[in-house]
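What follows is a short report on a single structure.
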Amino acid sequence: MKFETKAIWVGQEADEATGATIVPIYQTSTFSQEEVNKHKGYEYSRVANPTRTALDKCLASLEEGQYGLSFASGLAAEHAIFTILRPGDHVIVPEDMYGGTYRIIKEFLEPFNIKFSFTDFTDLNSISSAFTSSTKMVWIETPTNPTLKIFDIEEISKLSHSKNALVVVDNTFASPFFQKPLLCGADIVVHSTTKYINGHSDIIGGAVVLNNEVLYKKILLAQKSIGAVPSPFDSWLTLRGLKTLAVRMQQHEKNAFMVARFLEKNPNVEKVFFPGFESHPGHDIAKKQMSGFGGVVSFRIKGGLKEANDFFRKLKIFQLADSLGGVESLANYSALMTHDYFPEQLRKKIGVTDNLIRLSVGIEHIDDLLADLQNALNK
Ligand SMILES: *Cc1c(COP(=O)(O)O)cnc(C)c1O
């Protein structure tokens, strides 16, 4: 089955009990048993719930993985992966990463003696020299948030596996429609389903997909023990959003290309970041590992916070807000929003300057989006 068909049908066969064509919302905390431990596969909804199972199956299938696990948020999914580690273990991470991942590392992993090396992932040599005898994991996020750097999943996986380290990829920005990290050699994929997968800015969710059964059982144990699971209703909304992922991603990308080209020509724009441009330093790797370049475009406006605020105030369609990946267009000031936890020096080093604006280009009509940007960029 092809991606578009799987998004609509995998895990979502008509309900056996009633024939309901759409997976029902099993809004129940518990399940009645005939005798002790004689049941239909479900006991208690922290452990498993049929609406969530449907989502788990569909996500696994879209990422070409064997096992899927849905979580209450992207960060809960990431945390569950980090529970594989033990004190003394070492992890190599990019300097560029989602601010919340950085905060988990600083507040909840380093204090428990898990060691991290922050490295430039555009340079394989710098990753290679970061390995120690305790390195257990290499964490990739590509394209990065918000400067859209591209890291080579295949090459980093080869290198990491030669050193017996696991490779995790945060695939939130590309979505499985444009990028399938497991097929590039990664061991574990993680998502904030809050973004493109759900796609309608109305839930918080996360997911993990992988093939290794031993690792799956460890992460499943963490999920059931710690309990950061999505509600049946949120699982259902995510399944509903997922059905249109393919058409949404194609339209996001089309609009993003046009927004990026428009911004490049605007005199009040200093620089545009979009991996679809041939001039983007990661363009060739993006072409190799992605089937499309995504729907996020970042740019530097001429000036700083004042000019950015003038721009945000004049926008009518784009909303100044956190998050991305919904059908509606959003604008974000990364330095003080998504990346406010980063120390200023590191933030500037990775390019999150005081004039950087991230756009999550939605699927409204492109003429309206360009007119909105044109009006807001006029001095
Ligand atoms: C939003 C985001 C997360 C965190 O997900 P939540 O659902 O907000 O917990 C992780 N990684 C990336 C790349 C994100 O954009």
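The values are calculated or read from the model by the stated rules, or taken from the named source; none is laboratory data. Small disclaimer: the values here were computed from a predicted structure and weren't measured. Positions of Cβ are generated from backbone atoms using ideal geometry, with glycine treated the same way; all protein chains shown enter the neighbour counts.
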**Fill in**
Given (1) more than 21 Å from K265 (Cβ to Cβ); (2) part of a loop (DSSP other than H, G, I, E, B); (3) more than 17 Å from the chain's Cα centre (by Cα), K288 misses just (2)
**Request:** Select, from F116, F108, F112, the only residue that is touching a strand residue (DSSP E or B) at 6+ places or on another chain (Cβ under 7 Å) and more than 15 Å from Y216 (Cα to Cα).
**Result:** F116
**Filter result for S70 (modelled with pLDDT of 95 or more, in contact with a Leu (Cβ under 7 Å, 6 or more places away or on another chain) and of a type in the set (G, A, S))** = yes
**Request:** Find the residue count for the range 78-102, including only residues that are small (G, A, S) and closer than 16 Å to V189 by Cβ.
**Result:** 1
**Asked** What helices (runs of 4 or more DSSP H) completely inside the range 154-271 contain at least 3 residues that are touching a Cys at 6+ places or on another chain (Cβ under 7 Å), among the hydroxyl-bearing types (S, T, Y) and within 13 Å of the ligand (Cβ to nearest atom)?
**Response** none
**Prompt:** So P146 clears everything in (1) more than 13 Å from the ligand (Cβ to nearest atom); (2) outside any helix (DSSP H, G or I); (3) not polar (S, T, N, Q) except one condition, right? Which one?
**Reply:** (1)
**Message:** Looking at the range 316-329, I want the residues that are surrounded by fewer than 24 Cβ atoms within 10 Å (Cβ to Cβ) and have a partner that is outside any strand (DSSP E or B) and among the aromatic types (F, W, Y) with Cβ atoms under 7 Å, at least 6 apart or on another chain. Which pairs are those?
**Reply:** L320/F312
**Request:** Six or more apart or on different chains, Cβ under 9 Å: which pairs go from a residue in the range 215-235 that's assigned by TED's automatic domain parsing to the domain that holds S29 and more than 14 Å from A77 (Cβ to Cβ) to one that's of a type outside the set (A, V, I, L, M) and at pLDDT below 95? Could you list them?
**Result:** none
**From the options G199, G241, G206, G185, residue that is under 30 Å from A130 (Cα atoms) and buried (at least 19 other Cβ atoms within 10 Å of the Cβ)** = G206
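Restricting to the range 352-376, and then to whatever is in contact with a Lys or Arg (Cβ under 7 Å, 6 or more places away or on another chain) and assigned to a loop (DSSP other than H, G, I, E, B), can you tell me which residue is nearest to K314 (Cα to Cα)?
Selected residue: N355.
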**Asked** Just a yes or no: is a residue in the range 294-302 within 16 Å of the ligand (Cβ to nearest atom), at pLDDT 95 or above, part of a loop (DSSP other than H, G, I, E, B) and under 27 Å from I156 (Cβ atoms)?
**Response** yes
**Fill in**
Checking E16, E43 in turn, the sole residue that is at pLDDT below 95 and either closer than 19 Å to R240 by Cβ or in the same structural domain as G227 (by TED's automatic domain parsing) (or both) turns out to be E16
